[in-house]
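Notes follow the structure.
The values are calculated or read from the model by the stated rules, or taken from the named source; none is laboratory data. In this text, all values refer to a predicted model and were calculated from it rather than measured experimentally. Ideal geometry is used to build each Cβ from the backbone, glycine not excepted, and the neighbour counts take in all protein chains shown. In case anyone asks, the SASA skips ligands and DNA or RNA and just uses the protein heavy atoms, side chains included. Shrake-Rupley method; radii C 1.70, N 1.55, O 1.52, S 1.80 Å.
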Amino acid sequence: MALINENFSNLKENYLFIDIAKKIKAYRQANPDKELIRMGIGDVTRPLAPAVVEAMKKGADEMGHRETFRGYEDSGRGYGFLRNAVSGYYKTMGADIDPDEILISDGAKSDCGNIVDIFGSGNTVLITDPAYPVYVDSNVMSGKEIIYASSNEGNGFAAIPDENVKSDIIYLCSPNNPTGSVYTKEQLKKWVDYAISQKAIIIFDSAYEAFIRDKDLPRSIFTIEGARKCAIEISSLSKTAGFTGTRCGYTVIPKELEAYKSNGEAVNVFKIWCRRQGSKFNGVSYPVQCAAAAVFTPEGQAQTHADIDYYMENAAIMTETCDELGIKYTGGKNSPYIWLKCPNNMESWEFFDYLLNEIQVVGTPGEGFGPNGKGWFRLTAFGTRENTIEAMNRLKKLLK
Ligand code: MLT
């Protein structure tokens, strides 16, 4: 008799964005003549940068010639040329990361979920509330105990550690999805000190680092003293370079990072993760890694930054609208997400339905990211300029 992993019955019935997709489909079927503007899931709309496309084509071409064809990549950790490029990128952020500490992945979502495999079931996992649903779901699937750190209006949706709370694995995301808040160096240092005092490991999701404009805000946890002793960083090119449909990211595990057996014996985390990946992952395709490496060239950086500028101009249009309407929000300044308080004391799903039915604008109900998202709502700046302006005009008309 095949026994199912019963932890799955503790999950919500659907992944948040699947629920939203279902609602949109039903609305479309009932209203085929209405033009929807999608500002829900954080999916990009700008095409890949020309330098990236060129490199991907060249990589594909090489795969078609006997002399340059490549089969399995030896290590499955990513080609040296890409790991070197990522290491160079870290230098520009002020972090010294050896290329050997970088592992190429197919995006942040996979590694944020899969990393759970290497941590024992006895861990207490601390997740900020609200949070990207992958952190909660993947730990529920593996039956780990989850506790929450409250991100709320009072702390600017940037939870700070409580020394009296015991935890072993900590998920942080900055710039935060969904709230757009960004930790300062001082705040991140508090988390690093807390993690070290607990012998805990921080899983730091930096998928939105490229949207940080303020030079004083940290773009990597490895710019914080002590982080090498307690952190893993997971990042992605999905939003940085429009790779949502191309798939490539990277994970940094410092060689000295340790976790423990129940008898207290220290174990090297990098080795265990590589052992896990060796059995379950054969790496990212060669043409995609070529494309990813092009992101870090001067040409690629200039082109992808222009796309980020475009999204941040969208974000400015959105925050100006919120200011005009007197709507409270976080994010939008160093982040592509605007996290706003639902007007007129509406609930998140109520506001979702209201915007969908009245002005055909789709956002994401804050409650979908955790209980603290109740009464809040997330909009993304990843749309086209035309749609962003149109959506904001519709919103002004509706709420004024
Ligand atoms: C989001 O909308 O929260 C993200 O785009 C989803 C993802 O990247 O997996």
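Summary table below
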item: Cα centroid of the stretch 100-123 to Cα centroid of the stretch 308-355, whole Å; result: 31
item: Potential extension, Ser279-Val53 segment - 0.36 nm per residue separation minus Cα distance; result: 78.3 nm
item: The stretch 1-72-the stretch 196-219 distance, computed between alpha-carbon centres (Å); result: 25
item: Solvent exposure ordering (accessible area, 1.4 Å, most first) of Met1, Met141, Met93; result: Met1, Met141, Met93
item: Cα-projected label distance for Asn10 with Lys397, points at 7 Å along beta-carbon direction, nm; result: 4.8
item: Potential lengthening between Glu163 and Phe69 on full extension [0.36 nm per residue; Cα-Cα distance subtracted]; result: 28.4 nm
item: Restricting the stretch 1-66 to chymotrypsin sites (Phe, Trp or Tyr not before Pro) in coil, as DSSP defines it, with at most 16 other Cβ within 10 Å; result: Tyr15
item: Span-rule helices in the chain, defined as complete DSSP H runs reaching 24 Å or more along the axis (Cα) with Kyte mean at least -1.0; result: 298-325
item: Inter-probe distance in nm under a simple model that places probes 7 Å from Cα toward Cβ, at Asp193 and Asn357; result: 5.1
item: Compactness of the stretch 84-123 as Cα Rg over 2.2 N^0.38 Å, two decimals; result: 1.49
item: Label-to-label distance, nm, for residues given as Glu324 and Lys22 (7 Å Cα→Cβ offset); result: 3.7
item: Test item: Cα-centred dipole of the chain, Lys/Arg +1 and Asp/Glu -1 on Cβ, debye; result: 300
item: Per-pair calculated FRET efficiency, R0 = 51 Å: Ala2 and Thr184 via Cβ, rounded to 0.05; result: 0.55
item: Nearest-10 value in Å² for the accessible area of Val361, using the 1.4 Å probe; result: 10
item: As computed over the stretch 72-225, the Cα convex hull volume per residue (Å³); result: 123
item: Residues of type lysines that Lys341 reaches as a straight line, Cα spacing below 16 Å, ignoring anything fewer than 8 places off in the same chain; result: Lys328, Lys374, Lys396, Lys400
item: Computed accessible area, Ile20, all protein chains, 1.4 angstrom probe, square angstrom; result: 10
item: Solvent-accessible area of Ser197 with every protein chain in place, 1.4 Å probe, in Å² to the nearest 10; result: 80
item: Globularity index of the stretch 200-292, i.e. its alpha-carbon radius of gyration over 2.2 N^0.38 Å; result: 1.25
item: Lys, Arg +1 and Asp, Glu -1 on Cβ, resulting dipole of the stretch 120-221 about Cα centre, debye, nearest 20; result: 260
item: Listed residue pairs exceeding 31 Å between alpha carbons, taken from Lys12/Lys255; Lys57/Lys215; Lys185/Lys271; result: Lys12/Lys255; Lys57/Lys215
item: Relative frequency of Cα-Cα separations exceeding 37 Å in the chain, percent; result: 22
item: Square roots of five times the Cα gyration tensor eigenvalues for the stretch 270-400, Å; result: 35, 21, 12
item: Using alpha carbons only: equivalent-ellipsoid semi-axes of the stretch 149-303, gyration tensor based, whole Å; result: 27, 23, 13
item: Share antiparallel - DSSP beta bridges, the chain, percent rounded to 5; result: 50
item: Solvent-accessible area, 1.4 Å probe, carbon plus sulfur percent, for the stretch 260-308; result: 54
